[in-house]
Amino acid sequence: MSDFKMKCPECLYEFSGGTENAYIVCPNCNKEINVNQAIKYYQSLKRIENDDRKVAEGEKYKQLNTLLDECQWLIDNGDYDSALNTTDLALKLSNTDGRVYQLRVLAKTKNFTDFEETSHFSDLKKALEYSSTLEKEAIKRAYSPYHKKRSIPKEELDEYENQEAGSKLKKVEGLLKDGIPKHFSREKSIKVLTAVISALAVAFIVLLILSISLDNIILTLTTAVAFTLFFIFFAVLTTNVKKVKLYNSVLDIYDNLKTFNLSPRAKLNLSKALEKFTVSFLNGESITHIETSLYQMVEALLDSETALDYIKNDKTLKKFL
């Protein structure tokens, strides 16, 4: 086992460690960090004698990590063009970090779903060049299934994607059924929340009139509390209404799926977006996460003229075009 000097990019603590693992826990801040990156970080700062330049280099490294996190989030949410633009910014900070080129490969291949894309080859080569041995193995494992699919004839690939989509849709069907009780519960809560908001609105108006006329501090504070509760319940109501409408639209999409005549690739992409939506709904995630999956669904449905007409006539879905 070889020991190398490292510097934690999180707390800037210097220490020695082995290289047999891809990640190590910093003995100072107890955060898990990438061994290869910690070594490079130490070496890059060691070459700089001026303290001001060391601080600047450290800030640049943190900026790079922030950009890479943002890029990964964009890829996970299907915004590949923005992800690629983000890697361009990352390259200005460092053109010798393998992670940047890995993300460029993912962005260009649309997360390993575009089997005709060829411009990513140079990025893949650089990703391997600027990565550690363990990181190279991880890159090859992730890329290998995609590489095999690229060599499959179109007819076989279509059949494979049809089968994969069918398998995912069966899973989605189960998830949608699991979500129906929660969906009904949310619909019922809308009625309750509407009644509560109406009562709070009346109370707020009455208290406001009294507090103005009587100039009473207690009444003023009570009015403020009533208004705050009104605002909170109104926000919850608005979110529930949006989620109910989106869930109803997704159920309709699933019911009409056979009429859309989607290509195998579009059907697979749609099934992935449907799965993401139902998982987000069941986990009670934010409306932003849920709506992201709707954009991906609509993008997949654009493959079919029938589906496009359907979206245009749906009040909830057409805003995602």
Can you name the number of the only condition in (1) on the phi < 0 side of the Ramachandran plot; (2) within 23 Å of the chain's Cα centre (by Cα) that LYS110 fails?
-> (1)
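Could you pull out the residue among LYS188, LYS136, LYS168 that is basic (Lys, Arg) and surrounded by fewer than 15 Cβ atoms within 10 Å (Cβ to Cβ)? Working first, answer last.
On the way: LYS136 fails: surrounded by fewer than 15 Cβ atoms within 10 Å (Cβ to Cβ); LYS168 fails: surrounded by fewer than 15 Cβ atoms within 10 Å (Cβ to Cβ).
LYS188 is the lone residue from the list that is basic (Lys, Arg) and surrounded by fewer than 15 Cβ atoms within 10 Å (Cβ to Cβ).
Can PHE234 be described as surrounded by fewer than 19 Cβ atoms within 10 Å (Cβ to Cβ), part of a helix (DSSP H, G or I) and in contact with a helix residue (DSSP H, G or I) (Cβ under 6 Å, 6 or more places away or on another chain)? Steps first, please.
Working: surrounded by fewer than 19 Cβ atoms within 10 Å (Cβ to Cβ): yes; part of a helix (DSSP H, G or I): yes; in contact with a helix residue (DSSP H, G or I) (Cβ under 6 Å, 6 or more places away or on another chain): yes.
Here the answer is yes, as PHE234 does meet what is asked.
Here's the yes/no breakdown for (1) in contact (Cβ under 8 Å) with a residue 60 or more places away in the chain; (2) assigned by TED's automatic domain parsing to the domain that holds LEU103; (3) outside any helix (DSSP H, G or I); (4) β-branched (Val, Ile, Thr):
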residue	(1), (2), (3), (4)
GLU117	no, yes, yes, no
ASP123	no, yes, no, no
ALA127	no, yes, no, no
GLU135	yes, yes, no, no
ALA165	yes, no, no, no
VAL172	yes, no, no, yes
LEU176	yes, no, no, no
HIS183	yes, no, no, no
LYS188	no, no, no, no
Residue count for the range 299-321, restricted to those that are part of a helix (DSSP H, G or I), out of contact with any Lys or Arg (no Cβ under 7 Å at 6 or more places or on another chain) and surrounded by fewer than 20 Cβ atoms within 10 Å (Cβ to Cβ) = 8
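The values are calculated or read from the model by the stated rules, or taken from the named source; none is laboratory data. Treat the numbers as computed from the prediction; the structure is a model and nothing was measured. A quick note on method: Cβ atoms are made from the backbone with ideal geometry, for glycine too, and the neighbour counts reach across all protein chains shown.
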